[in-house]
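Engineer: Attaching a single structure in structure tokens format; questions to follow.
The values are calculated or read from the model by the stated rules, or taken from the named source; none is laboratory data. This structure is a prediction, so every number in the text was calculated from the model and none was measured. Don't worry about glycine lacking a Cβ; one is built from the backbone with ideal geometry, like all the others, and counts go over all protein chains shown.
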Amino acid sequence: MNTTKVAILVLVAVALTATTVFYATRPAQAPPEKFVLRFNHVLAATEPYHQGFLNWAQRVSDRTNGNLTIEVSPSAQLGREEDIIEQLRMGANIGQNTDSARLGMYVPGIAVMNAPFFVENIDEVLKLRELPIVQQWIKELELKFGIKVLSFNWIQGERHMVTNVPIRHPRDLQGLRIRTPGAPIWQESIRAIGATPVSLAFGEIYTAMQAGAIDGAELVYRNVEGMKLYEQAKYMSETGHILLINFSIVGREWFDSLPAEYQQILIEENERAGLETSRGMEAEAASLREKFARDHGMTIITDVDVAAFRQAAEAAYTVLNLTAARDQIRKELAAPR
């Protein structure tokens with residue numbers, strides 16, 4: 001064997017030895033860290049929101065190769081909404097579907113997004129995210145109170161009166177006890193349009209109506225379907241007094257613990273699932289209206305004096321000092337962008 005061939009064989013042997021030593025001594029690569037979010041909402045598993053949250057969870061898992069999983073719990077299985085918000089603020093790996101009324105307990109101005117006749121449709125809601133005043137509220141929630149807003153693309157639709165008497169004018173609500181959540185904007189909105197607000201958990205509405213503890217509730221069509229409230233109420237009066245905007249929130253501390261890529265995925269897929277669900281519920285309202293009348297004997301009141309309700313609702317803005325916030329929103333919406 002000539003000298004050149006010997007030299008080549010020696011070099012190959014040295015290289016193979018070095019490679020073997022490198023791989024033998026290199027520490028094993030650590031598996032990717034896994035994260036879990038426990039997400040709570042008050043609605044039943046039959047509600048479109050629940051399926052929407054499941055879609056969100058699946059897409060997040062797919063895009064993170066199962067390293068970020070979301071466990072969705074319906075019907076407030078993880079606890080009361082207000083308690084969950086406090087837990088996530090403290091760093092727990094927990095999230096909540098909530099509304100601006102409850103977030104207004106921390107940043108008062110944001111409650112205006114839950115006020116009566118605030119916006120008209122989903123497209124208007126989508127424009128709110130880029131407004132300076134809304135960005136300011138969201139940043140304050142995050143930096144001052146540890147609440148991270150993922151999205152508020154979850155719009156349940158218009159809320160109407162579900163009662164055993166027809167409601168066409170605010171005076172028709174006089175003396176009626178109408179269920180609401182406990183936040184001030186809910187209470188004052190219902191009081192402003194003529195009823196007596198009764199704070200009650202969402203899951204207790206059916207039994208409270210059955211027992212006569214309340215005279216009705218104000219809900220979207222899908223809520224009435226999900227809880228079978230047509231068994232307790234004869235009328236659905238289309239007051240459309242609130243277009244309910246829901247927020248998906250988690251704790252800032254937990255969110256900041258995620259890799260940047262996972263943070264982006266969590267937000268993107270929540271926005272996507274929220275808008276899909278909202279559009280679906282909007283399209284479904286008309287068929288539910290027909291179903292309630294045809295199959296359940298409900299009377300749908302459509303000749304509501306909405307102008308009278310709008311006028312009465314102004315009192316809620318005044319009482320809660322939200323007129324300036326609303327006017328600023330409208331000014332920013334109207335500004336050229």
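Engineer: Of the residues D99, D123, which single one is among the acidic types (D, E), under 30 Å from Q311 (Cα atoms) and without any contact (Cβ under 8 Å) to a residue 40 or more places away in the chain? Talk me through it step by step, then tell me what you get.
Structural biologist: Working: D99 fails: without any contact (Cβ under 8 Å) to a residue 40 or more places away in the chain.
Unique residue meeting the criteria: D123.
Engineer: Tell me, which residue of the range 47-91 that is among the hydroxyl-bearing types (S, T, Y) and under 16 Å from the mean Cα position of the chain (by Cα) is nearest to F202 (Cα to Cα)?
Structural biologist: Across the range 47-91, the extreme among qualifying residues is S75.
Engineer: Here is a follow-up. Quick one: L320 ticks every box in (1) surrounded by 13 or more Cβ atoms within 10 Å (Cβ to Cβ); (2) in contact (Cβ under 8 Å) with a residue 24 or more places away in the chain; (3) in contact with a Phe, Trp or Tyr (Cβ under 9 Å, 6 or more places away or on another chain) except a single one, so which number is it?
Structural biologist: Here L320 clears every test but (3).
Engineer: Another question, then. Taking the options N93, N97, name whichever one is at pLDDT 95 or above, of a type in the set (S, T, N, Q) and over 30 Å from A324 (Cα atoms).
Structural biologist: Details: N97 fails: over 30 Å from A324 (Cα atoms).
Every option except N93 fails the conditions.
Yes or no, residue by residue, for (1) among the acidic types (D, E); (2) surrounded by 16 or more Cβ atoms within 10 Å (Cβ to Cβ); (3) at pLDDT 95 or above; (4) in contact with a Leu (Cβ under 6 Å, 6 or more places away or on another chain):
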site: N246; (1), (2), (3), (4): no, yes, yes, no
site: G251; (1), (2), (3), (4): no, yes, yes, yes
site: A307; (1), (2), (3), (4): no, no, yes, no
site: A334; (1), (2), (3), (4): no, no, no, no
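Engineer: Report the residue count in the range 237-277 for those that are assigned to a helix (DSSP H, G or I), among the polar types (S, T, N, Q) and closer than 25 Å to E140 by Cβ.
Structural biologist: The qualifying residues number 3.
Engineer: Given the criteria more than 27 Å from I190 (Cα to Cα) and among the basic types (K, R), does R272 qualify?
Structural biologist: So R272 passes the test.
Engineer: Does E290 count as of a type in the set (D, E), modelled with pLDDT under 95 and either buried (at least 16 other Cβ atoms within 10 Å of the Cβ) or over 30 Å from E86 (Cβ atoms) (or both)?
Structural biologist: yes
Engineer: So, one more: Just wondering, is there one or more residues in the range 79-89 that are hydrophobic (A, V, I, L, M, F, W, C) and closer than 23 Å to E276 by Cβ?
Structural biologist: No, there is no match, as no residue in the range 79-89 is hydrophobic (A, V, I, L, M, F, W, C) and closer than 23 Å to E276 by Cβ.
Engineer: So which residues in the range 50-81 are assigned to a helix (DSSP H, G or I), in contact (Cβ under 8 Å) with a residue 40 or more places away in the chain and not aliphatic (A, V, I, L, M)?
Structural biologist: Q51, G52, F53, N55, W56, R59, R63, E81
Engineer: From the list L219, L173, pick out the single residue that is farther than 27 Å from E269 by Cβ, crowded, with 22+ Cβ neighbours inside 10 Å and without any contact (Cβ under 8 Å) to a residue 40 or more places away in the chain.
Structural biologist: From the options L219, L173, the qualifying one is L173.
Engineer: Could you tell me whether E231 is under 19 Å from the mean Cα position of the chain (by Cα), surrounded by fewer than 18 Cβ atoms within 10 Å (Cβ to Cβ) and either of a type in the set (G, A, S) or modelled with pLDDT of 95 or more (or both)?
Structural biologist: no
Engineer: Just one of the numbered conditions (1) crowded, with 20+ Cβ neighbours inside 10 Å; (2) modelled with pLDDT under 95 is not true of E33; which one?
Structural biologist: Among (1) crowded, with 20+ Cβ neighbours inside 10 Å; (2) modelled with pLDDT under 95, the lone unmet condition for E33 is (1).
Engineer: Among A307, A293, A312, A283, which is out of contact with any strand residue (DSSP E or B) (no Cβ under 7 Å at 6 or more places or on another chain), without any contact (Cβ under 8 Å) to a residue 60 or more places away in the chain and closer than 28 Å to G194 by Cβ?
Structural biologist: A307
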